[in-house]
Every structure is written in structure tokens, then in C-alpha cells.
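This report concerns only the one structure given below.
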Amino acid sequence: QVQLVQSGGGLVQAGGSLRLSCAASGRIFRFAAMYWYRQAPGKQRDLVASITTAGSTNYADSVKGRFTISRDNAKNTVYLQMNSLKPEDTAVYYCSAYYLGNNYWGQGTQVTVSS
């Protein structure tokens, strides 16, 4: 069983920065692709960023150049550095791990960007 525990998030003014963390239990972290999703009120959950086991990254067009996903396999942790935040980035952010056909989810973290 894999557990993902998120931290970070909160309230920030537009143009500010936040960093989200997601710590994984178990030994599969270094073998798992990791993802950050977000879900705004009344909207579907959308993929924000991903990172493979080899460290290759991909981003949604809406966050390219502003967000950076990274992973520290020694700490079993994935990060999402969010810069130049906009009010439209307001959402609950979820980390996810994909391993051997299974998806595991963090508990979600609220990010609110005020204008």
C-alpha cells in the first residue's frame, strides 16, 4: 500500500509563489511516475504536471514557464514549485503516483490566489 501525504499550499496574492510537497510511503516511489492534478470548484480534475522515473517532465499549457515539478527519490518526495500565480490557479491540488496499473492519491491541498 502506498500513502501520499501532501503539504504546502494556502493563500497567496497574485504574482506570488508557493511550493507543494508530496511525501510517499513505501518503497515504490522511485519506480513510480508522479503527477500533480488540480480541481477548481465545479470543474473536472485536470493534469497540471508530470515527472517520470527518469526525471522527464511535462506541463499543461496553462502553467508552462510558471510551475516546476521535481522529485527527490532519496526523500520519496515530489514537489510542485508554483511561481507567478494567477487567480485562475485557485484549486485543490492533488498529487498522484502511478505504479503497475494502480493510481494512488494524496489528500489534496487548497491553493487560493487572490487578485
Global size of the chain as Cα Rg and Dmax, reported in angstrom: 13.3, 41
Residue-span extension gain [ALA74 to GLU88] - 0.36 nm each, minus C-alpha spacing: 1.7 nm
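Counting only protein heavy atoms, what percent of the accessible surface of the stretch 56-115 is carbon or sulfur at a 1.4 Å probe?
The nonpolar share, carbon plus sulfur, comes to 45 percent.
The values are calculated or read from the model by the stated rules, or taken from the named source; none is laboratory data. Treat the numbers as computed from the prediction; the structure is a model and nothing was measured. SASA here: full protein model, heavy atoms, side chains in, ligands and nucleic acids out. Shrake-Rupley method; radii C 1.70, N 1.55, O 1.52, S 1.80 Å.
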